[in-house]
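The values are calculated or read from the model by the stated rules, or taken from the named source; none is laboratory data. Since the structure is predicted, the reported quantities are computational estimates derived from the model, not experimental observations. FYI the Cβ positions are ideal-geometry reconstructions off the backbone, even for glycines, and counts take in every protein chain you see. With ligands, DNA and RNA removed, areas are computed over all heavy atoms of the protein, side chains included. Shrake-Rupley method; radii C 1.70, N 1.55, O 1.52, S 1.80 Å.
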Amino acid sequence: MWRQVLLTGMVAWLAAAAPASAYVAYVSNEKGNTVSVIDTSSWTVTKTIKVGQRPRGIEFSRDGKFVMVAVGDDDTIQVIDTKTNEIVDSLPSGPDPELFTQDAAGKTMYVANENDNTVTVIDLEKRARIGDIQVGVEPEGMTISPDGKILINTSETTNMAHFIDTATRQIVANVLVDSRPRFAQFKHDSSELWVSSEIGGTVSIVDPVKHEVTGKITFDIPGLRKEAIQPVGIGMTKDGKTAFIALGPANRVAVVDAVSHKVIKYLLVGQRVWHMDFTPDEKYLLVTNGVSNDVSVIDVAAQKVIKTIQVGELPWGITIAQP
Amino acid sequence: MLRWLIGTIALSLMATRALAADPVEIRIGYLGQAAVKSSLSLVDQPAENNGFAGARLAIEDNNTTGKFLNQRFVLDEVKVKDGDDVAKAATDLAARDSFIIADLPADALLKVSDALRDHGTVLLNAGAIDDRLREQDCRANVIHVAPTRTMLADALAQYLVWKQWKRWVLVTGSHDQDKLYADALRRAATRFGAKIVQEKTFEDTGGARRTDSGVTLIQRQMPVFTQQLPTYDVLVAADESEVFADYLPYRTWDPRPVAGSAGLVPTSWDAAHDQWGAIQIQNRFVKLNQRRMTALDMQAWTAARMIGEATSRTNSGDARKVIGFLKGPDFSIAAFKGTRLTLRDWNLQLRQPILLADGRMVVSVSPQEGFLHQVSELDTLGVDRPETKCKLR
């Protein structure tokens, strides 16, 4: 009941009324084959849901009623009903789905299938596969432009961000970035696309109109060898001022001035930090630590880690309900 | 299909547009050996296309990328038999191809390298692990993708020392390459603080690898051979010739683990490796070749991907530009080892983590935690810059 209230759009009101805002985060545990449910008022795991093999990409449906989780080794995306926290359906993705994204209306889903160099298009209402787009080798990162017109897919061995027109489903541009691009994210005002390169060790800033790399964020942590700095997940505040970048086995999240593209500081988190999501009020950022089996909670304004929550084995993806 | 691609492709870094109607063709030669050696274990028997299969997969991967850049990669395969004129085979290939992946023994590789000295062709050594090719016999036209014996030995030694298995018995075969591997293992023991408490030689007296009463005989021979050894933690075997090492596990007089050429084996790749996205290339490889991927396949894949990577980064079919980038400071390649691989500029050896595999699983990956280095931890494996005898010419 409590959860239901939250998910039906009362979140903003609650956040204003109660000092300890309560949201629900879902974390996919890659090795544990489970999804951990975290209550952000108590910062505790309230439920562990058994899912298919190798859960990674995870996202709320736009209406907040479902959580969708890609279970790569079962070649499908499972649908969790957030009222009952039970799996109620599965979606026809291609082989080995990893990351996916949805359009703003929550009608169409785009899935990166690592194994066959394709992006699969799924009609979420009919829960049916309606098309495939051929991309580079090992598609991974997926995001959609704020206006919904351009879909981005990154391919890990081709080392490109592919720009796909969502109306025609044709590739309109390919931008070469550094090695093993894993994650892509638009600024909320669409002015920039950020692409993290895990092996290259950089985040490329791409001009989405000119299709050009206009800058690169590099990282330098004293006492840490360069190879250990492997950027993956990216989170940006809605005002476009601050970004957080997970640096994998460097065990740190970089706080970046999103305007000047300069690193402000590094926050020490758990081991092999992967992905992240903000609470809807943007007070907190939750990041998954793959090797240490926990989630770090970052106070966004203070730029400090305030809490660590133990979850399942090898946590990977995370999603928090939007109001 | 092609028209819209060509019309719309933009390569950001170069800020150029691919306007040519015909794709730029990049030809890669592959000079391999026709003879397939016989292994002790049937499971390890190499396929006839060992190595070639890896290069073919890389060509597919390069072409998937290439279709976005208007580049097309072609593999030009040649197999040489014992007694063939390998220098001539290489010169013929070099007339067509600016890059040649070579899987050849050390002497043949040197012959080829010298024959091609003035051709502007670069050789990518995917097969030979001899340190001398990167040291006193190093050549400016050879890039080494295969790891060296010292890299393999150091990778194993770091793990054994981390495990506190520091007292080794070293058993060496009677062939030259076995002795070279034993040298590398002795060097590794000294570097990382292990002690070789006794050495033994296993003489190759000939004999067949497949017999109908094999097990009975071996079960009697191996315990006797390993009897009366001083106190030790692990038996390390140097047997590249595959004469005896695979007979040792479970048959030693004392119950001790075996490492080196059998048991826990250091290698650049293993069919069981699935970390760091490796499952994806393993799946692609099996789909294309209907068998599992070997270390030689991976070395050949990496060699062909290095050319693909340098070609897409330079957006050029000009071999000189591509080779310049390959050998330059900005080059790196991703090869499912959890870190970027780069070239040692003093001898053109590819830095790489080494897997330690037991034939079923990957047990560990070296360098081990705590083995530190001022430049790259990967340089704790093998001969480092201050010790090198290489002068690139």
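Numbers below:
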item: Amide H contacts of A:Val172 (H built 1.01 Å from N, under 5 Å, at least 5 apart or other chain); result: A:Phe163, A:Ile164, A:Asp165
item: Given charges at Cβ of Lys, Arg, Asp, Glu: the protein assembly as shown dipole, positive-most of A:Ala105, B:Ala334, A:Phe66; result: B:Ala334
item: Pairs of alpha carbons in the stretch B:268-393 whose separation is greater than 18 Å (percent); result: 59
item: Anisotropy class of the stretch B:19-118 from Cα gyration tensor, a/c 1.5 cut; result: oblate
item: Cα-only Debye scattering, the stretch B:150-267: base-10 log of I(q)/I(0) at q = 0.11, 0.20 Å⁻¹; result: -0.33, -1.06
item: Above-threshold pairs, the threshold being 25 Å between Cα atoms, out of B:Lys111/B:Lys327; B:Lys37/B:Lys337; A:Lys262/B:Lys337; result: B:Lys37/B:Lys337; A:Lys262/B:Lys337
item: Square roots of five times the Cα gyration tensor eigenvalues for chain B, Å; result: 39, 22, 20
item: Neighbouring partner chain Cβ atoms per residue of B:275-286, average, 10 Å criterion; result: 4
item: Relative packing of peptides A:126-132, A:278-284, B:232-238 - highest average C-beta neighbours within 10 Å first; result: B:232-238, A:278-284, A:126-132
item: HN-Hα J in Hz across the stretch A:261-271 - Karplus 6.51, -1.76, 1.60, θ = phi - 60°, x for Gly and Pro; result: 6, 9, 6, 8, 7, 10, 9, 6, 10, x, 7
item: Calculated from backbone phi, Karplus (6.51, -1.76, 1.60) coupling profile of the stretch A:77-86 in Hz, x at Gly/Pro; result: 10, 8, 10, 9, 7, 6, 6, 9, 6, 10
item: DSSP-defined beta bridges in the protein assembly as shown - what % are antiparallel, rounded to 5; result: 75
item: Partners for B:Lys179 among aspartates and glutamates (Cα-Cα distance below 14 Å; same-chain residues under 8 apart left out); result: B:Asp130, B:Asp131, B:Glu199, B:Glu203, B:Asp204, B:Asp239, B:Glu240, B:Glu242
item: In nm, spacing of pseudo-spin labels at A:Asp81 and A:Asp239 (7 Å Cα→C-beta vector); result: 4.1
item: For B:Thr339, residues with placed amide H under 5 Å, excluding near neighbours; result: none
item: Share of pairwise Cα separations in the stretch A:237-284, more than 15 Å, in percent; result: 47
item: Whole-Å semi-axes of the protein assembly as shown's equivalent ellipsoid (Cα gyration tensor); result: 47, 31, 23
item: Peptide B:328-335 - average C-beta neighbours from other chains (10 Å radius); result: 3
item: Protection proxy ranking of B:174-185, A:220-231 - average other beta-carbon atoms within 10 Å, highest first; result: B:174-185, A:220-231
item: The protein assembly as shown: calculated mean residue ellipticity at 222 nm from DSSP helix runs of at least 4, using -39500 (n - 2.57); result: -6000 deg cm²/dmol
item: Cα shape, chain A, gyration tensor, a/c 1.5 rule; result: rounded
item: Within the stretch B:150-267: Cβ-based charge dipole about Cα centre, in debye rounded to nearest 20 (Lys, Arg +1; Asp, Glu -1); result: 480
item: Whole-percent carbon and sulfur share, accessible surface of the protein assembly as shown, 1.4 Å; result: 50
item: Derived scalar couplings ³J(HN,Hα) [the stretch B:349-355; Karplus, 6.51 cos²θ - 1.76 cosθ + 1.60; whole Hz; x for Gly, Pro]; result: 8, 6, 6, 7, x, 10, 7
item: Estimated dipole of chain A in Debye, rounded to 20 [Cβ of Lys and Arg +1, of Asp and Glu -1, Cα centre]; result: 760
item: Distance (nanometres) between label positions extended 7 Å along Cα→Cβ at B:Ala95 and B:Lys81; result: 2.2
item: Reachable aspartates and glutamates, given that their alpha-carbon falls under 19 Å from the alpha-carbon of A:Lys126 and they are not under 8 places away in the same chain; result: A:Glu59, A:Asp63, A:Asp75, A:Asp81, A:Asp89, A:Asp103
item: Proximal lysines to B:Lys163, defined as alpha-carbon separation beneath 16 angstrom and excluding residues fewer than eight positions away on the same chain; result: B:Lys195
item: Residues with amide H under 5 Å from that of A:Gly215, placed H, sequence gap 5 or more; result: A:Ile205
item: Inter-chain shielding of A:226-232 (mean C-beta neighbours from other protein chains, 10 Å cut-off); result: 3
